[in-house]
Every structure is written in C-alpha cells, then in structure tokens.
Ligand code: 5RP
C-alpha cells in the first residue's frame with residue numbers, strides 16, 4: 001500500500017474523535033489534507049475549524065467549512081495533524097511544511113491532539129528528520145551559530161517564508177535523546193519563534209496507517 005493510502009486511512013480513522021457541532025483545530029500537510037477531505041464528506045458534523053496555516057485555511061474554506069479565529073473559540077476539544085516523526089512517547093518532530101508555530105499554538109490550545117501518520121513516521125529516536133526551527137529573519141545567522149554550539153548542523157530552507165513572515169532553519173544531525181530538554185533549550189535562543197519539537201505538548205493519540213490497510217492506535221501513557 002502506498003504512503004498516501006496509509007495517510008488517508010489514518011485521516012479517516014481520526015473522524016471517530018470528531019464530535020457533532022464542535023470547532024476543531026486542523027493541521028497542515030498531505031495527511032491533514034486527507035483529514036480535510038474526510039471532514040468535507042461529513043459537512044454537517046462540525047461547526048467549524050481553526051486552521052494551522054494559510055494553506056489549510058484555503059482548503060477548509062474550499063471544502064465549505066467555516067473558519068474560526070482561535071482568539072474567539074476558547075479551548076478546542078480536538079486538534080488533528082500529521083507529523084514528520086513520532087517516537088514511542090508520542091513526542092513529535094513537525095514543521096516539514098513550515099507551519100510549526102501555528103501548529104504548536106493550536107495543539108497547545110486543544111484538549112486532545114490526535115496525530116495521523118503513515119508507518120514511515122514512527123521512529124525509536126527523533127532526529128533523523130531535520131528539525132525545523134522558525135526564526136526571525138534578522139536573527140538567522142546568530143541562531144545558526146548558537147545551534148552549531150549545541151551540536152546541530154543548520155541549513156536555511158531555500159526560498160521559504162513562513163505564514164508569519166519568518167525563515168526556517170532545518171537542523172541536521174541531531175540525535176534527540178531528551179526531547180523535553182532540547183525543546184526547552186532551543187526555545188531559549190533569542191530570535192527563535194519556536195522549534196518543531198512537540199515534547200511539552202506531545203500527541204495524545206497516534207493513528208498509524210499500515211501497509212495492510214489497517215490503522216494502529218497508540219495512546220500516550
Ligand atoms: C507541517 C507539518 C506536517 O504535519 C508534517 O510535515 C507532515 O507532513 P505530511 O502529512 O505531508 O507527511 O508539520 O508543518
């Protein structure tokens with residue numbers, strides 16, 4: 001089974017967490033896009049959604065789903081999003097699509113975070129996927145030097161600007177054994193908006209589409 005089919009199976013399975021009349025948070029990326037398709041097939045189920053990126057907002061609108069500003073919703077009952085890597089504690093690397101900051105905000109503002117993924121995203125140790133960090137443009141070189149000091153190998157994402165007007169540094173060669181500590185440490189560097197480690201706010205449920213078409217459900221302990 002292709003990775004797209006595994007993503008779609010996981011996205012469809014996430015519909016079990018969607019309750020009628022709710023306003024939910026929706027993530028960004030190809031797996032989240034399958035979830036938007038599933039929502040669109042059930043248009044009366046939710047009241048609306050908070051988007052984690054401009055591109056997700058466009059897709060939700062095209063699907064006829066009403067958009068809400070997070071400032072007007074209070075705590076959301078559910079956030080559904082993909083990931084670039086997930087470990088056994090359901091700590092994640094996110095930001096492959098560059099939407100990590102808004103994704104982290106919406107995840108933090110949600111009671112339940114259901115992460116949807118194909119089986120290639122499951123890892124024992126985070127860090128094989130380069131860790132994205134969103135950086136204010138004027139701080140780019142300073143932040144890169146600070147990242148080198150902690151053992152990372154930063155690379156400026158080419159011709160990419162985030163929805164917030166910032167740049168992304170992708171950090172290579174970080175073997176992340178203590179994600180909680182590293183997330184905290186990186187986020188202390190001046191000029192960083194946030195890093196793509198989701199350890200302080202990990203997923204609560206991980207739905208993993210498998211090659212045989214089934215979906216494995218992993219619940220955070
Ligand atoms: C975007 C993200 C995505 O969730 C992550 O990159 C996974 O993408 P995909 O679902 O396309 O594999 O964090 O910022």
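The values are calculated or read from the model by the stated rules, or taken from the named source; none is laboratory data. Because the structure is predicted, anything quoted here is derived from the model rather than measured. With ideal geometry, Cβ positions are generated from the backbone for all residues, glycine too; neighbour counts draw on all protein chains shown.
Descriptive notes on the structure:
- Extreme residue, farthest from the ligand (Cβ to nearest atom), among residues of the stretch 1-45 that are more than 15 Å from the chain's Cα centre (by Cα) and within 18 Å of residue 72 (Cα to Cα): 21
This table checks each residue for (1) surrounded by fewer than 23 Cβ atoms within 10 Å (Cβ to Cβ); (2) touching a helix residue (DSSP H, G or I) at 6+ places or on another chain (Cβ under 9 Å).
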| site | (1), (2) |
| --- | --- |
| 47 | yes, no |
| 69 | yes, no |
| 92 | no, yes |
| 105 | yes, yes |
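- Failed condition for residue 175, given (1) modelled with pLDDT under 95; (2) touching a helix residue (DSSP H, G or I) at 6+ places or on another chain (Cβ under 8 Å): (2)
- If you filter the stretch 46-65 down to residues that are part of a strand (DSSP E or B) and under 16 Å from the mean Cα position of the chain (by Cα), you find that the one that is nearest to residue 18 (Cα to Cα) is 49.
- 3 or more residues touching a residue at least 60 places away in the same chain (Cβ under 8 Å): qualifying strands (runs of 3 or more DSSP E) within the stretch 109-221: 110-118, 131-135, 192-195, 205-209, 215-219
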